[in-house]
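Asker: Got a structure for you, questions after.
The values are calculated or read from the model by the stated rules, or taken from the named source; none is laboratory data. These numbers come from a predicted model, not from an experiment. Note: ideal-geometry Cβ built from the backbone for every residue, glycine included; neighbour counts use all protein chains shown.
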Amino acid sequence: MISFAVVIGIVVFLILIETPVPFAFGAGAFAFALLAGRDISFLVPHAFQGLSSFALLALPLFITGGALMSRAGISNRLLQVVEAAIGGVRGGLGAVLVVVCALFGAISGSANAAIAAIGPIMIPRMLENGYPRDYVIGLISVSAILAMLIPPSIPMIIFAITANLSVAACFLSTLIPGVLLTALYVSINLVWSRRFLSKEGGDSVSLLVRGRRTWSASRRAFLALLLPVIVFGGIYGGVFTPTEAAAVAFSYSLAVGLVIYRALDREGIVQALSSGAVLVGAGVMVLFFLLMLSRALTLDRIPFQIAEGLLSISDNPVVILIFVNLILLGIGMIMDDISGVLLAAIILLPIVTGIGVDPIHFAAIVGVNLGMGNITPPCAPLLFLAGKVGECEPHEYMKTSVILILLGHLPMVFVVTFFPDIALWLPRILMGT
């Protein structure tokens, strides 16, 4: 346990001094192997074997596909549909932002991509319509987490592969929490925005006119709206696997962007593939080093020792789950979503399954909790990304962001943790898990 504590200290220190996360975990893996007396040549083959998973191909395909969708104008057309349906009323633009982030998750699975694609479009428009800058930054930060929960979710792909679980079941575990959190943030926005938006700020139109606008926007965005249907229908209709669905999404986005919308050119494709390759490369490096570390930890029975330590404090499952959630929050505050789910699957999954928690239920807990950690100060990687896109200093939007987290994400972590049917109902119904 002492060697494990030293390694955790090394990794956290390297991340805090802004060492790239893959190299921080690489240093941690080699340090643990050295301290534990493990032969590196014994650990490396295990890591390579883990990377040979067919399901892992979904990672680069969904990431690069999401980049192509953004450049092909698919995300912008989705935004137009949502704005026609629920925009135009007081607080409507904030609701549009929340819903579009959730929809963007259904085609990309990445919170970073949601901020990068939707932020430059929505932030200026909301500022022009009277929304305070700090509120806009806070709202897009918490809304971007929805892209991690609405399937296909990249963090859930990584969690399922690492934990040897069904990718489709892990997808479904976060769907209801994602929908509930979307509705919660829309409601919070509609109430909060009344504090700073005038009554005259809305566009009072009849339901008939709104319906016509929505129908018109939907016709223009038909091919964009069809993509989530193809991906979901294909996976849960048994037509193709999640990895094949990722390939279909990638090919579909490329074809629609080039041939139908004609928004993609050679430069756009190269930039999308380049940005996707950087994210994929970093994720695979983190996965490789953590698989090495996982093998060494398992051989030294570290997860079991941690479980015994927690159980020595209390054998009450509620207390253990509270401790696990606090650990997950800390992980999410200093690491990106991919690194966080890897650590959760390697170290914490054996602990919670030991007290009777269903692994699919734990997948939902990980998704919701790590999302909250990614927007919780002091590190908050997604929060700072939103501030950078919105050209706002951290001290300006930190208070508003924390209030939104306390009103939205924190209650949802509690609900998902202690009401497992919210995560397990869909997997049981559709997959019999």
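Asker: Contact list please: Cβ distance under 7 Å, first residue in the stretch 389-411 and within 15 Å of L329 (Cβ to Cβ), second residue charged (D, E, K, R), pairs at least six apart or on different chains.
Answerer: From the stretch 389-411, no pairs qualify.
Asker: Being of a type in the set (V, I, T) and either modelled with pLDDT under 85 or under 19 Å from A67 (Cα atoms) (or both) is the filter here; which residues of the stretch 108-132 pass it?
Answerer: I115, I118, I121
Asker: Exactly one of these conditions fails for V96: (1) β-branched (V, I, T); (2) crowded, with 24+ Cβ neighbours inside 10 Å; (3) out of contact with any Phe, Trp or Tyr (no Cβ under 7 Å at 6 or more places or on another chain); (4) closer than 30 Å to A307 by Cα. Give me its number.
Answerer: (4)
Asker: List the number of the failed condition for G66; all other conditions in (1) surrounded by fewer than 21 Cβ atoms within 10 Å (Cβ to Cβ); (2) in a helix (DSSP H, G or I); (3) at pLDDT below 80 hold.
Answerer: So G66 meets the others, but not (1).
Asker: Let me confirm something: among V44, V21, which residue is surrounded by fewer than 19 Cβ atoms within 10 Å (Cβ to Cβ) and more than 27 Å from V136 (Cβ to Cβ)?
Answerer: Going through V44, V21 in turn, the sole match is V44.
Asker: Right, next: List the residue pairs whose Cβ atoms are under 6 Å apart, where the first residue sits in the stretch 8-19 and is under 13 Å from G330 (Cβ atoms), the second is assigned to a helix (DSSP H, G or I), and the two are 6 or more positions apart or on different chains.
Answerer: Close Cβ pairs (under 6 Å, with a partner that is assigned to a helix (DSSP H, G or I)) amount to V11/A24; V11/G28; I15/A24; I15/I334.
Asker: Taking the stretch 234-271, which residues are over 17 Å from L61 (Cβ atoms), free of Cβ contacts under 8 Å to residues at least 24 places away in the same chain and in a loop (DSSP other than H, G, I, E, B)?
Answerer: G237, G238, R262, D265
Asker: Identify the residue in the stretch 78-107 that is out of contact with any Gly (no Cβ under 8 Å at 6 or more places or on another chain), under 22 Å from A67 (Cβ atoms) and among the β-branched types (V, I, T) and, among all such residues, is modelled with the highest pLDDT.
Answerer: By that ranking, first place goes to V99.
Asker: Filter the stretch 350-375 for residues that are of a type in the set (S, T, N, Q) and surrounded by 24 or more Cβ atoms within 10 Å (Cβ to Cβ); which is nearest to F171 (Cα to Cα)?
Answerer: Here the residue is N369.
Asker: So which of T417, T400 is at pLDDT 85 or above, under 15 Å from I327 (Cα atoms) and over 17 Å from the mean Cα position of the chain (by Cα)?
Answerer: T417
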